[in-house]
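Here is the structure we will look at.
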Amino acid sequence: MKCFELVEYFGIKYSIEKNRATVVGTSDNANCDIKIPEQIFDNVKVTGIADKAFFKNNDIEKVSLPDSVEFIGKCAFAWCASLKSIEMRGVKVIDERAFMGDAKLSEIEFSPELCEISDKAFAYCNSLVSLELPENLEYIGCGIFEGCRYLKYVSLSDKIDVIPNGAFYACTSLCEVAASSALRYIDEYAFAYCVSLDELSISSKTIINHNAFYECGNTHTKLLVS
């Protein structure tokens, strides 16, 4: 059985186990500008954000995470109606639906250490316009940007070799996706209903599922083959 302690420190609630703390929520009087410290008390390092820690929190507008925070849990910031920006300096893993439905989220500072973003992590974030994903990113999940209606441009890392099912589903403003020669497969519905898609960089070895561009509407999508 795991032994942990729940504490509150300057308006933030933590679960502590063996000198490692995970953010689990906020107090009623928490600030709209959340700055998570690298450690609490004398020797307790803050290493993660728990599942649903800020789920449907309509007060927070800005979040800054220190280098010590390595993971963001499932639905941790999902449906935060006022969240506009997030800094993730040391985050390596973003779990599924972590920021889903954050309609005002427009500024994201990704960690250079980020290696995994799970399913629908940024789905329905309708204020996202342009994103460059970090070079160490190796995996993106299904529906990662599903329904991001105003997303226009995305640059994938050189390590992404699969664009999964529904990755850009119904991103109706998407114009261009920059991928590397490492891209080997585009799964079904990856770009379904991307009616504005004009340009996609791919390798001559890239395999494209026959439904990858389902109902795109734009028959002139330019595939830049290298």
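The values are calculated or read from the model by the stated rules, or taken from the named source; none is laboratory data. Quick caveat, the model's predicted, so the values are computed rather than measured. Ideal geometry is used to build each Cβ from the backbone, glycine not excepted, and the neighbour counts take in all protein chains shown. When the accessible area is computed, the model is the full protein with side chains, heavy atoms only, and any ligands, DNA or RNA have been set aside. Shrake-Rupley method; radii C 1.70, N 1.55, O 1.52, S 1.80 Å.
Recomputing Cα Rg over 2.2 N^0.38 Å from the coordinates shown identifies the correct label among (i) 0.96; (ii) 1.00; (iii) 1.08 as (iii).
Straightening the chain between GLU107 and LYS84 buys 7.6 nm, computed as 0.36 nm per residue apart minus the Cα-Cα spacing.
What does the C-alpha gyration tensor say about the overall shape of region 71-179? Classify as rounded when a/c is under 1.5, otherwise prolate if a/b is larger than b/c, or oblate. Verdict is rounded for region 71-179. Is region 1-88 best put as rounded, prolate or oblate by its Cα gyration tensor, with a ≥ b ≥ c the root eigenvalues, rounded for a/c under 1.5, and otherwise prolate when a/b is larger than b/c, oblate when not? It is prolate, given that a/c is not under 1.5 and a/b is the larger ratio.
The share of accessible area on region 5-58 that comes from carbon and sulfur is 42 percent, using a 1.4 angstrom probe. Here the spin labels are modelled as points 7 Å beyond Cα on the Cα-Cβ line, and at ASP28 and LYS159 they lie 4.5 nm apart.
The listed residues PHE55, PHE110, PHE77, once ranked by accessible area (1.4 Å probe) with the largest placed first, stand as PHE55, PHE110, PHE77. Shape class of region 126-226 from the Cα gyration tensor (axes a ≥ b ≥ c, square roots of the eigenvalues): rounded, since a/c falls below 1.5. For region 102-161, the solvent-accessible area works out to 42 Å² per residue, with a probe of 1.4 Å and every protein chain left in place.
Net charge of the neighbourhood of SER173, taken over other residues with C-beta under 14 Å away and scored Lys/Arg +1, Asp/Glu -1, is -2.
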